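Step one of this worksheet: look at the structure below.
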Amino acid sequence: QVQLVESGGGLVQAGGSLRLSCVASGRTYRSYTMAWFREAPEKEREFVAAISWSGGSTYYADSVKGRFTISRDNAKNTVYLQMNSLKPEDTAVYYCAAGPRYYSDYLKYDYWGQGTQVTVSS
C-alpha cells in the first residue's frame, strides 16, 4: 500500500509559479513510477507529468512541456511538480498518482492522493 498526500496548491496570477509536493508513505514507494494528473471542471482527468522510480526518465504532456518540471527525492519520499509560466487553462485540481510504470492513462495508476486545487487568474 502507498498513501499519497499533495500540498502546495493555491491561487496565482498568470505568469506566476507554484510548486506542488506529494509525500508518499509505504514500503514500496520507491519502486513506483510517480505521476501528476489534473482535472478541470467538466473535463476528463488528464496526464501532466511522470517520473520513473530512479528519476532517470521523465515524461510530460505537450501542454506543459518547457513550463513544468517533475522531480523526486526518494530520501524524503516526495515528488515535486514545479510549475512556471502558469496560464489560466492550467486551473484544475492536481492529483499525485503511483503506478508500476509510466502510462499517460490515469486508469493504469494504482494509488492516488486527495488532490490540491490550483487556480490561475488572468
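For this structure, a couple of remarks:
One line per residue, one yes/no per condition, for (1) part of a strand (DSSP E or B); (2) modelled with pLDDT of 95 or more; (3) of a type outside the set (S, T, Y):
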position: T69; (1), (2), (3): yes, yes, no
position: A75; (1), (2), (3): no, no, yes
position: Y80; (1), (2), (3): yes, yes, no
position: E89; (1), (2), (3): no, yes, yes
position: V93; (1), (2), (3): yes, yes, yes
position: C96; (1), (2), (3): yes, yes, yes
position: Q114; (1), (2), (3): no, yes, yes
position: V120; (1), (2), (3): yes, yes, yes
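- Test: V64 is open to solvent by less than 20 Å² (accessible area, probe 1.4 Å) and in a loop (DSSP other than H, G, I, E, B): yes
- Selection from region 85-122 of residues that are polar (S, T, N, Q), open to solvent by 60 Å² or more (accessible area, probe 1.4 Å) and under 16 Å from G9 (Cα atoms): S85, Q114, Q117
- Each residue in region 68-83 was checked for being open to solvent by 20 Å² or more (accessible area, probe 1.4 Å) and either at positive phi or touching a strand residue (DSSP E or B) at 6+ places or on another chain (Cβ under 7 Å) (or both), and 6 of them qualify.
The values are calculated or read from the model by the stated rules, or taken from the named source; none is laboratory data. The structure displayed is predicted, hence computed values, not measured ones. Here the Cβ is made from the backbone with ideal geometry for all residues, glycine too, and neighbour counts use every protein chain on show. Heads up: the accessible areas ignore ligands, DNA and RNA and are worked out on the full protein's heavy atoms, side chains in. Shrake-Rupley method; radii C 1.70, N 1.55, O 1.52, S 1.80 Å.
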